[in-house]
RNA sequence: UGGGCGGUCGACUAAUGGUAGGUCAAGUGCCUUUGGAGCACUUUGUCCAGGUUCGAAUCCUGGCCGCCCAGCCA
């Protein structure tokens, strides 16, 4: 039962949606919308793929259509089962379902081979003995037409026999190809007798050693779409030049005419979205793996603490067009914070501890103070946080001599401890050698329990804290962007993109202090460490020591002010 | 310099011959037991030049600028 097309009028449109709307109106595919997401299993999926996934699944869903997951596995030399598995995991994690429609281009190898024979019989394909180098020379250049291969006019019988021998493994790799007979003078280089099959004595991750000839992308993709009756075949801009060839094969074969539509690839500032380069980062050990939290891969983002919702909202917001552009990283982070703000439980953690002693608080006394789990979500309830005479606060929250507009603790200043008491700084203890403040002494006002002043007096800042005796220790990994340049590919000539790697992309803090409620945190759990940012538990955590990743910082107005004030005084 | 595709606020994206709007960023104020969140307000744009039209971001012509293509990769 084809669900009636129910386009949401209020939904921001894009040119692909407009095309579908028109096709529906014209009853072009009998009212069907069927898309596919066609990754090559030669690496892990990244956020650029998420854009394509959201587009393909989203568009089909909107119009009551279907989306297939199809692995484009025509190059056994680069493809691996590990990648297939990761891709399946990642698309599911993102929240999409292809039901029983999991396909592989390799499912169609027999059919593709048959079609190749059909084209040979029709005089539209020939076996060419030119070497790779010769093929390149015969192809011509951007400005000059190519030359026809001397093997172009072999008889159908010869071609059939030669192609059969290619398939039977009679020839070494690279010695021959099957080519389409189109037009060596075409201004579109893709039409200059493109290679359809190459000889590759390589083990395929699914078909094993059944084949020693493999179809090229151009001879597999359109037909795979066609076999699956895909109506709208959405791909990226660089395939625009391939569309005439895509259509040529479909037309010569007389098969279902899927329609290719190209959109712009995703680019994000400070981020590299190229599988080849990502693989290089992994292989050369610049990151710890495909799922390193600094990687823009879906597995990396997941480990970093991103939610599928945040990624989907981001993809919906950026839309799709045909203009080459670059989205600011801030946009992605906005959708991340927006989602996490609603759902992440608040908790107190001190990353760089500074000891605070409350001189007038009874020694040995412990109070259980009640704290809100999430001010954005009353249903999240409250929890108890232990308070005692000795605490840790953030080093950043204390200055012996406060700069302008610094509202936090300094000698003589009173601040509120979150969910605790008002405290006032009375003195500091310094390291004799370094002159560094190592301990801060304060007094507290017992009347301000849980943060309210009965006399109505105000305080300019609220800071977070952890009871020293009750704190649990953790490792916290702070991340910055992997690259320090907006465009990681912008390097002086003769240098590689790796020259733009940010040396500070990872900072590991080993002595962070957490409130005790975190003892039961499990890998993948996400929290807001109050006033700092969102953090999630890394799978490296052990029963002895928790490891947290900083997903993203909270917006930091103070940092902005401080930077501006510093700039002024220079 | 062949072919293909594009150029709308700082970024991304709408407006499909009829008021250039939204999101992010930036800024200002309010509010705040997170310098968070929220709320309100503000700044900034149709690549250029002609033409068609009552009316052009949109249609036409000519420029300019950018991206992609010379894998037996996808």
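No lab work stands behind these numbers, since they all come straight from the coordinates. From a predicted model like this one, the values you see are computed outputs, not experimental measurements. Don't worry about glycine lacking a Cβ; one is built from the backbone with ideal geometry, like all the others, and counts go over all protein chains shown.
Return the FRET efficiency for the residue pair residue A:100, residue A:144: r is the Cβ-Cβ distance, R0 is 35 Å, and the value is rounded to the nearest 0.05.
0.10
Would you please state the base-10 log of I(q)/I(0) at q = 0.05 1/Å for chain A, with intensities from the Debye formula using one equal scatterer on every alpha carbon?
For the requested q values the scattering log ratios are -0.32.
Stretch residue A:15-residue A:168 to full length: gain in nm at 0.36 nm per residue minus the Cα-Cα span?
Additional length available on full extension: 50.4 nm.
Determine, for each peptide in A:174-187, A:532-545, the mean count of other beta carbons within 10 angstrom over its residues, then list the peptides with the highest first.
Ranked by mean Cβ neighbours within 10 Å, highest first: A:174-187, A:532-545.
If you wrap region A:442-527's Cα atoms in a convex hull and average its projection over all directions, what's the area in nm²?
Averaged projected hull area, Cα only: 10.2 nm².
What is the calculated FRET efficiency for residue A:426 to residue A:217, with r their C-beta to C-beta distance and R₀ = 51 Å, to the nearest 0.05?
The computed FRET efficiency comes out at 0.10.
What nm value, rounded to one decimal, do you get for the distance between residue A:553 and residue A:175 when each label is placed 7 Å out toward the C-beta?
6.3 nm
Using the scaling law 2.2 N^0.38 Å as the reference, what is the normalised Cα Rg of region A:260-406?
Rg over 2.2 N^0.38 Å, computed on Cα atoms: 1.51.
Can you tell me which of A:163-171, A:192-200 comes out highest on packing, and rank the rest after it, using the mean Cβ neighbours within 10 Å?
Going by the mean number of other Cβ atoms within 10 Å, highest first, we get A:192-200, A:163-171.
What is the distance in Å between the Cα centroid of region A:44-100 and that of region A:213-284?
13 Å
At what distance in nm do the modelled label points of residue A:453 and residue A:544 sit from each other, each positioned 7 Å from its Cα along Cα→Cβ?
Computed distance between label sites residue A:453 and residue A:544 equals 4.6 nm.
Based on the mean of other beta carbon atoms within 10 Å per residue, what is the order of A:455-462, A:116-123, most packed first?
Highest mean packing first, the order is A:116-123, A:455-462.
Give me the extension gain from residue A:507 to residue A:377: residue separation times 0.36 nm, minus the current Cα-Cα distance, reported in nm with one decimal.
Between residue A:507 and residue A:377, full extension yields an extra 43.6 nm.
Taking a label point 7 Å from the Cα of residue A:251 along the Cα→Cβ vector, which residues of region A:126-142 have an amide N closer than 20 Å to it?
Only A:126 fall inside the zone, counting backbone N under 20 Å.
For region A:464-517 and region A:534-570, what is the separation of their C-alpha centers, rounded to whole Å?
After rounding, the separation between the Cα centres reads 8 Å.
Spin-label point model (7 Å from Cα, Cβ direction): what's the residue A:189 to residue A:201 distance in nm?
In this crude label model, residue A:189 to residue A:201 measures out at 3.1 nm.
How much length would be gained if the chain were fully extended between residue A:562 and residue A:522, taking 0.36 nm per residue of separation minus their Cα-Cα distance, in nm to one decimal?
So the extension gain works out to 10.8 nm.
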